[in-house]
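Working notes, structure below.
The values are calculated or read from the model by the stated rules, or taken from the named source; none is laboratory data. Quick caveat: nothing in here was measured; it's all calculated off a predicted structure. Note: ideal-geometry Cβ built from the backbone for every residue, glycine included; neighbour counts use all protein chains shown.
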Amino acid sequence: MNLNIEEIRNQFPILNQSVNGKPLIYFDNAATTQKPISLINAIKKYYENDNSNIHRGIHTLAERATNAFEETRKSVQQFVNSKEVEEIIFTKGTTEGINLVAYSYGEKFIQAGDEIIISTMEHHSNIVPWQILCEKKAAILKVIPINEEGELLMDEFEKMLSSKTKIVSLVWASNALGTINPIKEIIEKSHAFGAKVLIDAAQAVSHLDVDVQDLNCDFLIFSAHKMYGPTGVGILYGKRELLESMLPYQSGGEMIKEVRFEGTTYNDIPYKFEAGTPNIADVIALNHAIEFINGISKSKIRDYENSLLDYFLQLICETNDTIKLYGTSKKKVAIQSFVLKNMHHFDAGMMLDANGIAVRTGHHCTQPLMSRFGIEGTIRASFAVYNTKKEIDVLVESLIKISKK
Ligand code: PLP
């Protein structure tokens, strides 16, 4: 593995602080990761030197800003290996990307009686847009059940597929359980019935290798802020022919070719889906998050994070039965949900915070998943490349201490 974690940590100034008198231990990476200094500097540099609106100006600053913005698009294209750069659309985040497809594809192509398949472990942002679409169109939403380990019941999924299935929209890695779903198999099976497949890669993108051509997915969506990038930027990858066939999502400047009162023609992709002034500084900064990940390599990041998860699980196993785990699939990203048997998760979260430890507590925007397990919420620890085994020791010691209270 041979990662120099100290050197990696030094790139994240936020980690070097005390919280409630204790060194900060940040285990809320599935909610958002921290940002490397190169990215923070890039935002400052952009506003100090290059700030300008893009695509429209012919002056030097506009050209610099436009070039840097479009450079990021090319980096994202390589990052996910899309065939064409025009297939990369900048959004606000995963939520907006899924809403865009539900609206722009759904409005045009979904009809009464059509079926859309999601799963029990979806984030609310991959449930509610489809519920709204189904309600509007009198379409039917079907939900793949899961087992106790938090894995999709693939037999049930296969039984659901039919010529009525128009969209299968699934999370690649669950934010609450960490489960990695067999999306390649899901894509193949869905395509056999002519369905289009959307992959919510919000949690997958910082851990797993993404190759949209190899996956052959129709849409793949993620947020920059969960991959060491800035907030307010997301990526929607879509196959060219689908994006071209879809309605615009928002309308106004940038997404038009020509506007006349008699009628308007729309711009080509990707601009057709990028109405208005985008989040220029943060898109430019995203390039530095990609550089950070590529600089280490995703496989090294993944192996290291998995070693942290294994270490955590090994220590948890030794704490007898005060902790119950949720999400015990063998194929997981480094995310672990659990509850303390004698304490509400919010109380536990507050006590951990008093020890400088940031974890997420609650339903993780997956209320139907929580209902499936008959719970209201969990404590979730999620690991990133700057975390250490020493920090996990502190977490487990704190959990043992508070569970005795
Ligand atoms: N999907 C998954 C699996 C997530 O984990 C999240 C965020 O936690 C989202 C979607 C929504 O992402 P965003 O809030 O960045 O739009």
Do we have residue 229 as within 15 Å of the ligand (Cβ to nearest atom), under 19 Å from the mean Cα position of the chain (by Cα) and under 30 Å from residue 43 (Cβ atoms) here?
-> yes
If residue 70 satisfies every condition in (1) over 22 Å from residue 384 (Cα atoms); (2) touching a residue at least 40 places away in the same chain (Cβ under 8 Å) but one, which is the exception?
-> (2)
Just give me the residues in region 189-211 being over 24 Å from residue 300 (Cβ atoms) and either within 12 Å of the ligand (Cβ to nearest atom) or acidic (Asp, Glu) (or both), in sequence order.
-> 198, 200
Note on residue 131: of the conditions (1) within 16 Å of the ligand (Cβ to nearest atom); (2) crowded, with 16+ Cβ neighbours inside 10 Å; (3) assigned to a helix (DSSP H, G or I), unmet is (2)
In this structure, does residue 141 turn out to be modelled with pLDDT of 95 or more, within 16 Å of the ligand (Cβ to nearest atom) and not in a helix (DSSP H, G or I)?
-> no
Determine if region 363-379 includes at least one residue that is surrounded by fewer than 17 Cβ atoms within 10 Å (Cβ to Cβ) and either part of a strand (DSSP E or B) or of a type in the set (Ser, Thr, Tyr) (or both).
-> yes
Go over the candidates 258, 262, 241 one by one and state the one that is surrounded by fewer than 18 Cβ atoms within 10 Å (Cβ to Cβ), closer than 18 Å to residue 217 by Cα, free of Cβ contacts under 8 Å to residues at least 12 places away in the same chain and charged (D, E, K, R).
-> 241
Every residue from region 104-126 that is buried (at least 19 other Cβ atoms within 10 Å of the Cβ), acidic (Asp, Glu) and not in a loop (DSSP other than H, G, I, E, B) | 115
Restricting attention to region 149-188, and to residues there that are in contact (Cβ under 8 Å) with a residue 24 or more places away in the chain and charged (D, E, K, R), which single residue is nearest to the ligand (Cβ to nearest atom)?
-> 151
So which residues in region 239-255 are under 29 Å from residue 213 (Cα atoms), more than 25 Å from the chain's Cα centre (by Cα) and not charged (D, E, K, R), if there are any at all?
-> 245, 255
Under 6 Å by Cβ, and 6 or more places apart or on different chains, what pairs join a residue from region 89-101 that is within 22 Å of residue 74 (Cβ to Cβ) and without any contact (Cβ under 8 Å) to a residue 60 or more places away in the chain with one that is acidic (Asp, Glu) and buried (at least 24 other Cβ atoms within 10 Å of the Cβ)?
-> none
With respect to residue 295, is the statement that it is under 22 Å from the mean Cα position of the chain (by Cα), within 16 Å of the ligand (Cβ to nearest atom) and over 27 Å from residue 186 (Cα atoms) true?
-> no
Which one of these is buried (at least 20 other Cβ atoms within 10 Å of the Cβ), in contact with a helix residue (DSSP H, G or I) (Cβ under 9 Å, 6 or more places away or on another chain) and β-branched (Val, Ile, Thr): 40, 25, 5?
-> 25
Residues (closer than 15 Å to residue 193 by Cβ and touching a Lys or Arg at 6+ places or on another chain (Cβ under 8 Å)) located in region 142-164 | 157, 158, 160, 161
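State all residues of region 217-226 that are within 16 Å of the ligand (Cβ to nearest atom) and closer than 17 Å to residue 167 by Cβ; if no residue qualifies, say none.
217, 219, 220, 221
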Can residue 214 be described as buried (at least 24 other Cβ atoms within 10 Å of the Cβ), modelled with pLDDT of 95 or more, away from the ligand (no atom under 15 Å from the Cβ) and more than 16 Å from the chain's Cα centre (by Cα)?
-> no
Here is a list of conditions, (1) touching a strand residue (DSSP E or B) at 6+ places or on another chain (Cβ under 7 Å); (2) surrounded by fewer than 17 Cβ atoms within 10 Å (Cβ to Cβ); (3) over 22 Å from residue 202 (Cα atoms), and residue 316 meets all of them except one; can you say which number that is?
-> (2)
Scan region 122-136 and report the pairs whose first residue is within 14 Å of residue 168 (Cα to Cα) and whose second residue is within 11 Å of the ligand (Cβ to nearest atom), with Cβ atoms within less than 6 Å and a gap of 6+ or a chain change.
-> 122/171; 126/98; 126/169; 126/200; 129/98; 129/99
